[in-house]
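Presented below is the structure to which this report refers.
The values are calculated or read from the model by the stated rules, or taken from the named source; none is laboratory data. Since this is a predicted model, take the numbers as computed values, not measurements. Here the Cβ positions follow ideal geometry from the backbone for every residue, glycine too, while neighbour counts run over all protein chains shown. With ligands, DNA and RNA removed, areas are computed over all heavy atoms of the protein, side chains included. Shrake-Rupley method; radii C 1.70, N 1.55, O 1.52, S 1.80 Å.
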Amino acid sequence: MQVQTHVDINSEWGIVAARQAGRKLAREIGFGSVDQARITTAISELARNIYLYANQGQIKIEEVSAGGKQGMKIIASDEGPGIKDLRRVMEDGFTTSGGLGAGLPGVKRLMDDFSIESEVEQGTVITAVKWLR
Amino acid sequence: MEDMKVSMYQLYKDMLTSYLEDKSEHALYHAQQFSKQMMEQDMSPEETVSMHLSVFQDIADDLPEEVTDSFDLLLEVMIGYGLAYREHQSLRDRQQELESELNVAAHMQRTLLPNKKIEIDALDFGVVSVPAGKMSGDYYHYDIDDRGNFAVAVADVIGKGVPAAMSMSMIKYAMDTLTDKQMQPSVVLESLNRVVERNIDDDMFITMMYGVYHPDDHYFYFSSAGHEPGFFYTAKDDTFVSLEAKGLVLGVSPKVRYEEQKLKLDPGDFVVFLSDGVTESRVNGEFIEREQIVDMIRERLHMDSQEIVNEIYEQLEKAQEFQLRDDFTLMILRRKV
């Protein structure tokens, strides 16, 4: 049974709890300190987005393995307002210039795999994976 | 990749060891050079911090726990810098892409301008046109029609850069649809005005001066659509007068009539067409006077038209420290014999 953790995000405490859980799992899987910090930053950004734009949602982290590789998956989901223009939020310089931190392009860079699904008025699900090298 | 990291690690370790031994400037110089290598190999700030800690742990015994722990904090902070660095790299790539797209567009735009040699014995013709940026909002035209008449035009789109350049190409295509019979200046401007009025935004305007020289009787006919007045030089009196004709800028109103003027060109007489990039050149922060342009031409009356316009451009470019504020077009048409 692979490890799975859910953290509800509805306050800044939730963000810290998600970071903590993420870092712990990353360490257990065997990520080095730089990758641990990257994964944690990615979780942090995703959780903050939930908190800021959807008020509440969930971060799920789990260990994954595929093709002999081991890794860690983050799934951030909310039932918030959704994102109208995905291409725009994935553009460099769009969110960061507004002072919103790394933004989604940053999360994508920190992780190896990244996918996003969003429906206006329905919510957003972002999945990101980091593989152990 | 991993091999490279190992060798970077070793290099960094040697460097740090040597520095800790003698604290020399030489070792620091090495580190500065090494940072270029790290960037070339895409090493991020957070990896650098992490490498520093590992190397340090390697060469220093009994590091206090606080020192090691403090690196957790530094690493976290550096992740943000690392992201900013990567974003910068990707924006720089994007900028290069845009730049090369713009170069292609600028090249296409240049092909819209005429480049054939004028072979009319009685005429000495010269033109220089330089955009302030990559793309130009100025347009010039010259052509010989079936009857051997020589048409010249300078147009200036109010505005600069890409939007101005796109409007400029419209003028070119509209002119291509004119037939020789329509090469009468007032008629040309009337029909261009209709095209422009229908096709561009209300907040864009184009000014234009159009003239036709008839080599048979040496009359020069011209009309202006709110364009910067040119000059007319008479050799006999050695005087310059403003070349003006009444007419509204293109694109404001669908039905506009343009006044048409005519001049007789005697040998040595010439007309000058220009865009406001010439008269709005700034020397020492002040607009130059039209009188100064006249003086610059007057000093060069012995040269041929192309040399005159080239030299005036070079002089004004230099006086503005090679920073053009507006697209610059200057054209001279002189009757030789």
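For chain B, the longest principal axis of the Cα atoms and the long axis of helix B:45-59 meet at an angle of about 30 degrees. Once the partner protein chains are put back, segment A:41-74 shows a loss of at least 10 square angstrom of accessible area, versus the chain by itself, at A:THR41 (probe 1.4 Å, ligands and nucleic acids excluded). The GNM of chain B, with springs linking C-alpha atoms under 10 angstrom apart, assigns the highest mean-square fluctuation among B:THR239, B:THR68, B:THR111 to B:THR68. Counting only protein heavy atoms and using a 1.4 Å probe, the accessible area of B:ARG94 comes to about 110 Å². Averaged per residue, segment A:4-131 has 50 square angstrom of accessible surface, using a 1.4 angstrom probe with ligands and nucleic acids left out. Under a 10 Å cutoff between Cα atoms, tell me which one of B:ASP93, B:ASP42, B:ASP217 has the largest fluctuation in the Gaussian network model of chain B. Residue with maximal mean-square fluctuation among B:ASP93, B:ASP42, B:ASP217: B:ASP42. With respect to chain B, whose longest principal axis is taken over its alpha-carbon atoms, helix B:185-199 is tilted by about 40°.
Sequence gap at least 6, Cα distance under 8 Å: using those rules, report the relative contact order of segment A:1-58 to the nearest whole percent.
The normalised contact order for segment A:1-58 reaches 47 percent.
Quote the relative contact order of chain B in percent (integer), defining contacts as alpha-carbon pairs under 8 Å separated by 6+ residues. Don't skip to the answer; put the middle values down first.
Working: 539 pairs, mean separation 57.9, N = 337.
Normalised by residue count, the contact order of chain B is 17 percent.
Interface residues of segment A:108-123, defined as a loss of at least 10 Å² in heavy-atom accessible area between the chain alone and the complex of all protein chains with a 1.4 Å probe, are A:ARG109, A:LEU110. Accessible surface of chain B, 1.4 Å probe: 50 percent of it comes from carbon and sulfur atoms.
In percent, rounded to a whole number, the relative contact order of segment A:4-131 is 25, using alpha-carbon pairs under 8 Å and six or more apart.
Taking B:THR234, B:THR48, B:THR177 as the candidate residues, the one with maximal mean-square fluctuation in a Gaussian network model of chain B, Cα springs under 10 Å, is B:THR48. Take B:HIS26: with every protein chain present and a 1.4 Å probe, its accessible area is about 120 Å².
Any idea what log10 I(q)/I(0) is at q = 0.10, 0.19, 0.21 Å⁻¹ for segment B:201-337, Debye with uniform C-alpha scatterers and no solvent? Each listed q corresponds, in turn, to -0.36, -1.15, -1.30. Please report the spacing between the Cα centers of segment B:254-307 and segment A:48-84 in Å, no decimals. Here the two parts' Cα centres lie 67 Å apart. For the residues of B:75-88, the average number of beta carbons from a partner chain within 10 Å of their own beta carbon is 5.
Summing charges over all other residues whose Cβ lies under 12 Å from the Cβ of A:GLU12, with Lys and Arg as +1 and Asp and Glu as -1, gives +2.
Helical runs (DSSP H, four residues minimum) scored at -39500 (n - 2.57) apiece and divided by the length of chain A put the mean residue ellipticity at 222 nm at -11000 deg cm²/dmol.
May I ask for the equivalent-ellipsoid semi-axes of chain A, computed as the square root of five times each C-alpha gyration tensor eigenvalue and listed largest first in whole Å? If you can, show how the numbers build up before the last one.
Details: eigenvalues 107, 50, 39 Å².
Computed over chain A, the values are 23, 16, 14 Å.
Size descriptors for the protein assembly as shown (Cα atoms only): Rg and Dmax, in that order, 34.1, 103 Å.
Leaving out ligands and nucleic acids, and using a 1.4 Å probe, what accessible area per residue does segment B:279-337 come to in Å²? Could the numbers behind the result be given before it?
Details: 3290 Å² over 59 residues.
With all protein chains present, segment B:279-337 gives 56 Å² per residue.
Excluding ligands, DNA and RNA and using a 1.4 Å probe, chains B and A jointly bury around 1100 Å² of accessible surface, summed across both partners.
To test your reading of the geometry: what angle, between 0 and 90 degrees and rounded to tens, separates the Cα axis of helix B:2-22 from the longest principal axis of chain B? Approximately 70 degrees, to the nearest ten.
Determine, for each peptide in A:50-57, A:79-86, the mean count of other beta carbons within 10 angstrom over its residues, then list the peptides with the highest first. Spell out each step's value before the answer.
Numbers: A:50-57: 17.8, A:79-86: 15.5.
Highest-to-lowest ranking by the protection proxy: A:50-57, A:79-86.
The region of chain B that goes longest without hitting one of the GluC sites (Glu not before Pro) in a DSSP loop, each with at most 15 other Cβ atoms within 10 Å, is B:120-258. Accessible surface area normalised per residue over segment B:2-104 is 66 Å², counting heavy atoms of protein chains with a 1.4 Å rolling probe.
Near B:GLU289, once Lys and Arg are set to +1 and Asp and Glu to -1 for all other residues with Cβ below 14 Å from its Cβ, the sum equals -3. Counting Lys and Arg as +1 and Asp and Glu as -1 over every other residue whose Cβ lies under 9 Å from the Cβ of B:THR207, the net charge comes to -3.
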